[in-house]
Structures are given as C-alpha cells and as structure tokens.
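Beneath this line is the structure, given in structure tokens, with notes to follow.
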C-alpha cells in the first residue's frame, strides 16, 4: 500500500490521535477513520448526499447485475483478476461501485473522493487490509507522484472544474509502465434539445437536500410514463423532450421496475445537480491525452460507449 503524504508539501505524515501530522506542523484530521485533506464545505456537496441516499444502488453485489464490472473491464481492457497485487488509485470513488471490484480482483485499492461519499465507501468496503480511503481533491492528491500501476477515474472528470487539468493531475500519479483509465461525457446536440439544461440551471443552485426533494418529485411524476411507454419509441422520444429523467429501460430490459425506478432517481439527481458539467468529443479527449508526457501511443484506446467517451493510455517506462 502507498502511504499518505501531505498534498501541500509532499512531506510524510505520521498518525497521532485523530490527526495526520507532518514534520513542519501540518495537521489533517481523521474523522470516522478517514483522513480529510479538503474543506468539507465544497462544490461536491450534492454528490455526498447522492451517495448517502443511494449507498448500494450501483453495487453489483447488491443489485445482482454485472453492469459495473462489465464497464470497468471494458475500459481497462482486461479482467479485474489481473489487478491482483497492483497499486490502484481510484479518484471519485463515490459509494464504491468500482472499489468493491478492485478489492474483489485483489488490488491494493486507494480510493479518494472530494465529497463525504467516502464515508459510504468505507461502510460498504469494511476493514479490508488492501484498502484505504481519503477525502481529497484530485488537484492535490495525498500520494507521491508516479506511485500507481493504474489510475482509475470513471464518471468523474466532467464534474471537475477543468477536464484538462484533471486528466493532467491523474497522469502524474501513474508510474512508468502504468495505465490511466478514464471516461468523459460526450458532446451531443440532443442534450440541448431537451429541457434538462433548464432544470439543471435551477436545481444546481439549491441546497442539496432541497434539490433532491424536487428531483424525487420529478421522478415520481415522470417515471410511470417512461415505464408505460417503454415499448413505444415515438412517444418515448417525445416524452424525453420534456422529461429530465435519466432512464436505462432500453439498456437493461431484463431488470424489473423497481431497479429502474431507483436507478433513475440516482442518475437524474446526478445529472441535474452537478455544479460542473463538461461535454467533449472523442477528438477533444484525444487532444488532451496527446498533451501529456511519456505516452505509449500504440497503447492508446479511445471508445465511444458507456458514459460517453472512454479512454485508456499507458505511460512509457
């Protein structure tokens, strides 16, 4: 496992009571067993509430599906078993949909999130020897540069202040010969042909608890229509022009109504309350990657699918 360092000075940290201390006097609190390297009041507050409200919804071990594992293995290009013994950094860990798979595969999992979702992640993962979690900022990660065999960041980059700076920060953590695995929302004209941007413009400015109540009401109102019209493509298309709901009924037709209802509540809240939302084309993501140093160009993979644009790239040894 990789030891924590000060994200400000790079100094080693020593645990003392409920703090991690550096030799220069820096103090980082350890709350509920989790080191905190950021101010708890930050732009990711809505995500903290989101994962506390939907603590197990996306976990394969809970919902009986293999959605998370299939996505993770597609993005990595290999099975989770090949992570055994590897040091893996997961940035934006949320409730742990991918963290549990890293542990299942035998990786040394280092999970960080800007929000209080780290508390849910820890509750879901338990006291595993090959696991540690911290509340931290991607731009000031509490680990030495070039320490990880793999750096994973899925469903996150588009929600940070700058996609470019975030990818650069992730790349700094990849050791020579290591792998960076990322994805990003895809730019699409269809997004602007619906009322979703208008809903989001209002909801993201409200307190998380207030916006969640409104989103829950929207889902309760619109979801029955989506479910009833699920096999009517024309009416479904028209409904999406006014409904802000994110639904996966067409993607996973074998799952029951309750599964889709809960997933719609989660992802609709996610889509309508994120403080930052960036959209990129495949070309745009590739352009950012090509600005990085020591890229193993033949290993670069960029795919349109899943969350939008998926990519992985290896760092030269």
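Output yes when any residue across segment 141-148 is in a helix (DSSP H, G or I) and crowded, with 19+ Cβ neighbours inside 10 Å, and no when none is.
No: segment 141-148 contains no residue that is in a helix (DSSP H, G or I) and crowded, with 19+ Cβ neighbours inside 10 Å.
Could you list, in sequence order, the residues of segment 111-130 that are touching a residue at least 60 places away in the same chain (Cβ under 8 Å), assigned to a helix (DSSP H, G or I) and farther than 18 Å from residue 45 by Cα?
Selection gives 123, 124.
Can residue 155 be described as in contact (Cβ under 8 Å) with a residue 12 or more places away in the chain, within 14 Å of the chain's Cα centre (by Cα) and either buried (at least 22 other Cβ atoms within 10 Å of the Cβ) or in a loop (DSSP other than H, G, I, E, B) (or both)?
Yes; evaluated as a whole, the condition is true for this residue.
All but one of (1) touching a residue at least 12 places away in the same chain (Cβ under 8 Å); (2) more than 14 Å from residue 120 (Cα to Cα); (3) more than 19 Å from the chain's Cα centre (by Cα) hold for residue 71; state the number of the condition that does not hold.
(3)
When the residues of segment 131-140 are filtered to those that are part of a loop (DSSP other than H, G, I, E, B) and touching a residue at least 40 places away in the same chain (Cβ under 8 Å), which remaining residue is nearest to residue 174 (Cα to Cα)?
138
Yes or no: segment 107-127 includes at least one residue that is modelled with pLDDT under 95, surrounded by fewer than 23 Cβ atoms within 10 Å (Cβ to Cβ) and more than 24 Å from residue 268 (Cα to Cα).
So far as segment 107-127 goes, yes, one or more of its residues are modelled with pLDDT under 95, surrounded by fewer than 23 Cβ atoms within 10 Å (Cβ to Cβ) and more than 24 Å from residue 268 (Cα to Cα).
So, restricting to helices (runs of 4 or more DSSP H) that lie completely within segment 37-97, which ones have at least 3 residues that are closer than 29 Å to residue 300 by Cα?
67-76
It is to be established whether one or more residues within segment 53-68 are touching a helix residue (DSSP H, G or I) at 6+ places or on another chain (Cβ under 8 Å) and without any contact (Cβ under 8 Å) to a residue 24 or more places away in the chain.
yes
Which numbered condition in (1) closer than 21 Å to residue 140 by Cβ; (2) at pLDDT 95 or above is the only one that residue 84 fails?
(1)
Among all residue pairs at least 6 apart or on different chains, which show Cβ distances below 8 Å where the first residue, located in segment 286-302, is under 17 Å from residue 173 (Cβ atoms) and the second is loosely packed, with under 13 Cβ neighbours inside 10 Å?
If the second residue must be loosely packed, with under 13 Cβ neighbours inside 10 Å, the pairs left are 294/176; 294/316; 295/316; 296/316.
Listed residues 240, 278, 226; which is farther than 28 Å from residue 160 by Cβ and in contact (Cβ under 8 Å) with a residue 24 or more places away in the chain?
226 is the lone residue from the list that is farther than 28 Å from residue 160 by Cβ and in contact (Cβ under 8 Å) with a residue 24 or more places away in the chain.
Buried (at least 19 other Cβ atoms within 10 Å of the Cβ), out of contact with any helix residue (DSSP H, G or I) (no Cβ under 8 Å at 6 or more places or on another chain) and not assigned by TED's automatic domain parsing to the domain that holds residue 148 - does that describe any residue in segment 226-238?
There is no residue in segment 226-238 that is buried (at least 19 other Cβ atoms within 10 Å of the Cβ), out of contact with any helix residue (DSSP H, G or I) (no Cβ under 8 Å at 6 or more places or on another chain) and not assigned by TED's automatic domain parsing to the domain that holds residue 148.
Please state which of the following conditions residue 212 fails to meet, knowing it meets all the rest: (1) crowded, with 23+ Cβ neighbours inside 10 Å; (2) assigned to a helix (DSSP H, G or I).
Status for residue 212: all satisfied but (1).
Just the residues that are crowded, with 19+ Cβ neighbours inside 10 Å and part of a strand (DSSP E or B), please, taken from segment 271-313.
If the condition is that a residue be crowded, with 19+ Cβ neighbours inside 10 Å and part of a strand (DSSP E or B), then 280, 308, 309, 310, 311, 312, 313 are the ones that fit.
The values are calculated or read from the model by the stated rules, or taken from the named source; none is laboratory data. Everything numeric in this text was worked out from a predicted model, so none of it was measured. Glycine also receives a Cβ, built like all others from the backbone with ideal geometry; neighbour counts cover every protein chain displayed.
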